[in-house]
Amino acid sequence: MKAKGKYKHVFVKGKEKATRSSKTERMVFTGLLFATALVLAVIEGMLPPLPIPVPGVKFGLSNIAVMYALFFLGKKEAYLIVFLKAFFVFITRGAVAAGLSFAGGVLSVTVMLLLIVLYREKISYLVLSIFGAICHNLGQLLVIVFLYTGINMLVYLPVLLVSGVIAGIVTATLLRFVLPAFRRLT
C-alpha cells in the first residue's frame, strides 16, 4: 500500500516524517478532514435507520476521514480526528455516546495501524477497513458491557461482526470514490 500524493510518509530511524508538507498544511488538512467527518456524520444521521434489530448500527461514514488521515497523513492525525469526533459527540449527545465513539475509534485506528505495520504493502484498504469497522463495533461493545454490567450484550456480537464487515466494505468503497477529491485538496 503506497501513499501517493503530497503527504507520502517516509520512515526515518523509527520515526514517521512527512515529506513535502509543512506543519501548517498538515494542520489545515487535518481540520478539513475533521470537518468532512462531521458533515458525513450529519448526512448519515439523516439517512433512515438500517433494518437491523440492533440499535445504533450504522455504516460509519465519518470513518472515511479517519481512514484517509491514517493512510495518507499519519497516526497522530488519525487519533486527533478520533478524539475531536468524540469531543463533538460529547457536546452534542453526551458522555456515554462520546465514550462509545472514542473507544470504537481508538480501537479501530490502533488495529488498522498494527495491520499496516505487520503487513506493509500486502494489505488492501478493503481489508483494513473491514478490520477497522469490526474493531470499532467491538470497542463500543466493550464500553456497553462495562457500563451495563447486568445486561448480557454479548448476544449481539454476531450481528455486530456481520455489520462490521458490511460497514467496512461500504466505507472502503466510498473511500476509493472520494480519494480523487481529497487528493485535489492537497
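The values are calculated or read from the model by the stated rules, or taken from the named source; none is laboratory data. Quick caveat, the model's predicted, so the values are computed rather than measured. Neighbour counts run over all protein chains shown; Cβ positions are idealised from the backbone, glycine included.
Based on this model, can you work out whether THR92 counts as exposed (fewer than 15 other Cβ atoms within 10 Å of the Cβ), within 23 Å of ALA41 (Cα to Cα) and of a type in the set (S, T, N, Q)? Judged against the criteria, THR92 is a match.
Modelled with pLDDT of 80 or more, among the aromatic types (Phe, Trp, Tyr) and assigned to a helix (DSSP H, G or I) - does that describe any residue in the range 56-63?
Just the residues of the range 56-63 that are modelled with pLDDT of 80 or more, to begin with: 58-63.
From what's left, among the aromatic types (Phe, Trp, Tyr): 59.
If we keep only those that are assigned to a helix (DSSP H, G or I) too, we end up with none.
No - not one qualifying residue is present in the range 56-63.
Among residues of the range 145-176 being touching a helix residue (DSSP H, G or I) at 6+ places or on another chain (Cβ under 6 Å) and surrounded by 19 or more Cβ atoms within 10 Å (Cβ to Cβ), the one that is farthest from TYR68 (Cα to Cα) is LEU160. If the condition is being within 17 Å of the chain's Cα centre (by Cα), touching a residue at least 40 places away in the same chain (Cβ under 8 Å) and surrounded by fewer than 18 Cβ atoms within 10 Å (Cβ to Cβ), then the range 103-122 contributes LEU113, ILE116.
Within the range 147-163, is there a residue that is within 15 Å of ASN63 (Cα to Cα) and in a helix (DSSP H, G or I)? First the steps, then the outcome.
Within the range 147-163, the subset within 15 Å of ASN63 (Cα to Cα) is 163.
Now narrow it down to the ones that are in a helix (DSSP H, G or I): 163.
Yes, that holds for at least one residue.
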